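In what follows, a structure is listed as structure tokens, so that the remarks can point back to it.
Each value in this text was obtained by applying a stated rule to the coordinates, not by laboratory testing. Quantities reported herein were computed from a predicted structural model and do not represent experimental measurements. Neighbour counts are summed over all protein chains in view; Cβ atoms, including those assigned to glycine, are modelled from backbone coordinates with ideal geometry.
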Amino acid sequence: MAKLSLEEWVARLKKNKSFTANAAALIDIPAKPADYDDWPDWVNPKLRDMLQKRGMERLYRHQAQAVRFIRQGQDVVLVTPTASGKTLCYNLPVLQRILDEPETRALYLFPTKALAQDQMHEAHSLITDLQADIKTYTYDGDTPDDARRAIRRQGHIVVTNPDMLHAGILPHHTKWQKLFVNLKYVVIDELHTYRGIFGSHFANVIRRLVRVCRFYGANPVFICCSATVANPREHAEKILEREVALLDKSGAPSAAKTFVLYNPPIVNRELGIRQSAMTPARKFATDLIDNSIQTIVFATSRLNVEVLTKYLKDKFVKTKPKDDHFVTGYRGGYLPNLRREIEKGLRSREVMGVISTNALELGIDIGNLEACIMTGYPGSIASTWQQAGRAGRRAGRSLSILIARSNPLDQFIMENPDYFFSMSPEHCRINPDNLLILLHHIKSAAFELPFEKGENFGGENLEEFLQYLEEKGVLHRTDERWHWSAESYPADEVSLRAINPENVVVVDTTDAGNHKVIAEVDWDSAFTAVHDEAIYMLASEQYHVDKLDLTRKKAYVRKVDADYYTDAMTYTNVRVIDSFENVRAGGAIVEHGEVQVVRKVVGYKKIKFYTSENLGYGDVNLPEKDMHTTSYWFTIPRDRLRTLDFTPAEVIDGLSALAYTLQHLSAMFLMADTHDIDRSLGDKSGEWFVSQGKTGRVITSFANGRPQSASGPEGPRIDEFDPTIFIFDAYPGGIGFSELLYREHANLLAAAKSLIAKCPCAFGCPSCVGPTLEVGKTAKEIVPQMIDLVLGKG
Amino acid sequence: MTMKSIDKLKRLTGEAGQPVKKEVPAEAFSAERQAQLKELRLRIESVVSRSQARSRAALSEKTARGNQGLAELLEGCEVENDEGRFFLVSRMMRGASPHGHSVIQEAQRFDMTAAAMLANNPRISEWSSQDALFLDTETTGLAGGTGTMPFLIGLGWFDEGHFHVHQILARDFGEEKAALSYLRQIASQRKYLVTFNGKAFDVNLLSTRFILNRLSCDLTALPHLDLLHPARRILGHRLENCRLATLEEQILGVKREGDIPGWEIPQRYFDWLRRRDPRLLVDIFEHNRLDVISMATLTAHLADILTARALKQSAHPDDYLAAARLLLQKTGPSAVFKILDVLGEEVCADISQDSKKKLAFLYKRAGRIDDAVQLWRDMVECDPGDYQAVSELAKYLEHRVRDYQAAGVLIEKALSDATRFSCDERGALEYRLRRVSSRPATAQRR
């Protein structure tokens, strides 16, 4: 059978009835012509000739505007789509300035080492063509020691990542004297990745950078580039703590694109269960790759990447038995060499299908892919467009298919395609003054330069922090200055990416004489991914975890051929520490404040491949993890709940259902990632909490200091505590979501009621109150009554 | 009234327990009560500020007492310069004073060509031992980076047969600039630096501190003899590690009693900053002083080995071999003759088969083939199974002397006498034997 081109494939798809019946939207986005501008007259002729030889006859309008602003010393943030030539916006003024003043230095920051390598090569090839004596280097953990000295002294453009700036450059700034004294430009690419906890750390690293620059009398221009987000300027200004000019009108041409929102068919109307998003993803990907259309599939989790990779490999093993990389997985845990190999294979089209987590969302050069399949809403509009952008970066038609899962957020997008296509993407939120984060960076900053009385750092009262650190014996005050007075190296005490910088390495013991490290798992994921007896999947191979050794930070695994995978079960228990504000609204007490969250992995489910059948359970015995964060919560007094005409078990199920709906809607209200917030049902003291057990919902009581089941023979009881629903920040210390939710309390509940009312299911489904198997058959009936009760309309 | 951030922070770090009940907001009180509260607050503030003033006075008194105690205990004095004050202890060691196996005035006579060779810097040979500035610092940590301060700088130099040690102490962070300024002044009077691991550590750190204090001084521009690397090359083969303390004990014969372990030093200084008890610093001064003096005698010891002044009691033949290898690599064959001569006198009774092998190799490299042959013959006599000696000797006979018969006899004997050749070695010897056997008994030398 002749192979179809993408145009033909899309045309055929549009005629397919079973497809159109489930397509919530199909939009053809037309191609857009380029908008050019003239070269500024100050551009060095050599530089202009070189760029023109590379095919840049003229500049796009946004490029011309950007280089003018930067030339004038204006800090900017550029927001333009992928492949719109934004790297030239900074490379041009930087190279020009170095040609004018050869002492000039520039610092480029990228969120990952891989991106830094990519951009160093790009800048290097420009310089080679320019035949100028300009040196550009990457500086990261992999840079050999003997090269570092030369880079510090001679590198005109130093390309690095925030982690290296934090732990390797700033604490040794005197070695970088030459760079700091002459620093004229700081480039921050992929600015939108610096949000949440990482962004809050990053803003503090910038505070430290600016402080060190000031010591050397430097005042560099900051050039930020960002994917499309709702608040690029506000975000840039929050990170840089200064005014920034926004440039967001792209003059670059764009290719035609077909964008499909696909909602898998309902397979069980009774239970409101839709076909798994994995099924159509597998079918579309198989068919596209069969037609030699290079395809990227994004999955929302590590596990899904592995499961899908296995499915697709199984499929193509017959036609391409020898070609191991024809379709392949790609995610953070893969070792760097393998990742480089896959990237290369994608550029050379030896790899025709890749299944990835959002690791490939950023600008790693993988060439022009034609089709993109997103298995599940990536959690934010910005991410969705970034992922879709991986298909058709330069020319020709491209295709993106977003396949919905059965959760309220995905379903909301399917029900309201206009919302998706017209809505501005998410806000980037950071809280650089998160007290724990700020404290770490004040320590690091004091190590770099003593603090002087009257100095500012962050939005809190600096002197209080300095006094606190003095009491701790970490700082020593002499006259009006605070000096670092400890033996430790504070930058090593904190990782910018996670609260816990530890990793667990996965050791393959299949060959008894030859143990091999096959992957790394971050500390938090280790509890759910490589607990004892888990099936760990890597490159679609299954490994059985024989032992997770937390003290040695190793998980010992051996290769197996199992027909199932495992999914961890956890419980979450929240205790109120401090209420910042509270109000009695209707029938509930609404509050926000500080909480302690305890999580524990208690067991796992074995799930069969393809059928997703539950094959059984196992116990896991791992320590609890403890975190302080901020939360929004409301409490419904138990006597109020008694007025509802339902059994206590049904009431508890209803509350869990309400929490489920609220968590998903909160993500939407905040325009945040679903992973940034979490939920829990219990009471304010943390003595009681509700979790999903092996056989149904259980209430656990800590009344005697030990967890014990509080469910009597007749099922759970609610006459002993006042149930509270917590929606909390998933980061220690919080990043400011809970206060926003507190203010939106009434709107949030009203939206939940309307979502449930509009949902076409009979008794509740994953798209509204959660799966009936988990929340019971009365949830859809009881939740609206509860909402009325909470809002005082009951 | 909102809670102070620092109290919230303490809760996040788990330092503070449960929050106490919140205060009732002031608005809840009558105007009269509010006025009373305001007055009460003012009174509290004045009490607090008076007690702060008292504690500041107490602090400055404690500091003064500590400084005075320090001056008495260490017989040092406060020095003032343009950048402020610091504390200085200056001592002199007379020429006749012993230090380990050495005596100061002997140590002063080290050979400058050798010193230049140790430093890998020919400029040093133009100067004298009096131009050297021996330097060692004690720091607030070993991590390096901008947050580590060298609080005690020990300097030493030879002058008219005696050895002077000046120890510069920053009694607090605020005295660092004056201390560094004094270091700069002393350094400007000397021509080159001598340190132990100073390239990687002390000088690096001092450069950082000069920049942080906005003082110009490029210590890195001074010629620098870092003793760590040559000490490791020449003496490392028989030491478990190459720390200065180990060298003192095993090589220099310096016995330290009650020496403070290096890892304790930063905390002692932090304790001094808080408690101002001068006894905390006494051990550190002594530790630093001995380090500086040992560097001077170590320099002399290494230079003596290089120049083969005489076989020292405290040296081992292998030290000379290592030194000869170093010289051969850096300057060429002629430089090693003297060492080889001295070693030759000692040979062969005391040195091991392994050392002989190295020595023979050095003879060969230095072009003294007859001496090498002599050694190889000795070695074969002691141990007919010594592959290297047999094969070197056979090569010599085959290629230089062209006495194929003698070569053949040698190899045959070795193969029959010895059993411990490896397969490869035996194979190589047999191959050579076949080759020399196929040639006429002696060749005509052209």
Sequence-separation-based contact order of chain B, relative, with Cα cut under 8 Å and 6+ spacing, percent: 13 percent
Exercise: per-residue mean of other protein chain Cβ atoms within 10 Å, B:146-154: 4
Relative counts (whole %) of C-alpha pair distances in chain B, using bins that are 20 Å wide: 20, 36, 23, 14, 5, 2, 0
Cα coordinate range in the stretch B:66-307, projected on the principal axes (Å, largest first): 49, 38, 35
Calculated FRET value between A:Asn358 and A:Met56, using beta carbons and R₀ = 35 Å, to 0.05: 0.70
Given A:Lys283/A:Lys608; A:Lys283/A:Lys547; A:Lys315/A:Lys606; A:Lys547/A:Lys600; A:Lys283/A:Lys758; A:Lys318/A:Lys547, the pairs whose alpha carbons are separated by over 26 Å: A:Lys283/A:Lys547; A:Lys283/A:Lys758; A:Lys318/A:Lys547
Cα-based reach from A:Lys249 at 21 Å (exclusive), listing lysines while leaving out same-chain residues under 8 positions away: A:Lys32, A:Lys86, A:Lys257
10 Å Cβ neighbours from other chains, averaged over peptide A:168-176: 4
Leading residue at positive end of dipole, the protein assembly as shown (Cβ point charges), from B:Leu393, A:Leu6, A:Thr258: A:Leu6
Relative contact order for the stretch A:435-493, counting Cα pairs under 8 Å that sit 6 or more residues apart, in percent: 41 percent
Selected from B:Ser207, B:Ser128, B:Ser352 as most flexible by GNM, with chain B as the system and alpha-carbon contacts under 10 Å: B:Ser352
Ranked list, fewest to most other Cβ atoms within 10 Å of each Cβ, for A:Trp482, A:Trp9: A:Trp9, A:Trp482
Per-selection metrics, the stretch A:435-493 (Cα): Rg and Dmax in Å: 10.2, 29
Among B:Ala323, B:Ala366, B:Ala143: highest mean-square fluctuation, GNM of chain B, C-alpha pairs under 10 Å: B:Ala143
Chain A: relative contact order in percent, alpha carbon pairs under 8 Å with at least 6 residues between: 11 percent
Rounded to whole Hz, the Karplus (6.51, -1.76, 1.60) HN-Hα couplings of the stretch A:581-587, x for glycine and proline: 8, 8, 8, 8, 10, x, x
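Using the count of nearby Cβ atoms within 10 Å as a rough guide to exposure, how do A:Ile355, A:Ile239, B:Ile44 rank from fewest to most?
B:Ile44, A:Ile239, A:Ile355
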Bins of 20 Å from zero: percent of alpha-carbon pairs in the protein assembly as shown: 9, 28, 31, 22, 8, 1, 0
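Please state the equivalent ellipsoid semi-axes for the stretch A:139-221: what are the square roots of 5 times the Cα gyration tensor eigenvalues, largest first, in whole Å?
Working: eigenvalues 83, 51, 26 Å².
Sorted largest first and rounded, they come to 20, 16, 11 Å.
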Neighbour-limited loop hits for trypsin sites (Lys or Arg not before Pro), the stretch A:8-90 (at most 14 other Cβ within 10 Å; DSSP other than H, G, I, E, B): A:Arg54
Antiparallel bridges, percent of DSSP beta bridges restricted to the protein assembly as shown (to nearest 5): 65 percent
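How crowded by other chains is A:620-628, given as the mean number of beta carbons from other chains within 10 Å of each beta carbon?
Average neighbour count from other chains, rounded to a whole number: 1.
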Candidate aspartates and glutamates for bridging to B:Lys62, where Cα separation is under 14 Å - those fewer than 8 sequence places away on the same chain excluded: B:Asp172, B:Asp271, B:Asp277
Relative compactness, the stretch A:66-188, computed as alpha-carbon Rg over 2.2 N^0.38 Å: 1.01
Per principal axis, descending, Cα span of the stretch A:503-562 in whole Å: 26, 23, 18
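Which of the pairs A:Lys605/A:Lys625; A:Lys113/A:Lys310; A:Lys14/A:Lys344 have their Cα atoms more than 26 Å apart in this structure?
The pairs that break the limit, which is 26 Å between Cα atoms, are A:Lys113/A:Lys310; A:Lys14/A:Lys344.
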Per-q log10 I(q)/I(0), the stretch A:36-247, q = 0.15, 0.17, 0.18 Å⁻¹ (Debye; single scatterer per alpha-carbon; no solvent): -0.94, -1.24, -1.41
Cysteines without a disulfide-compatible partner [chain A; Cβ-Cβ under 4.7 Å]: A:Cys89, A:Cys213, A:Cys224, A:Cys225, A:Cys372, A:Cys428
Beta bridges per DSSP with both ends in the stretch A:36-247, % antiparallel, nearest 5: 10 percent
A:Ser767, A:Ser685 arranged by Cβ crowding within 10 Å, fewest neighbours leading: A:Ser685, A:Ser767
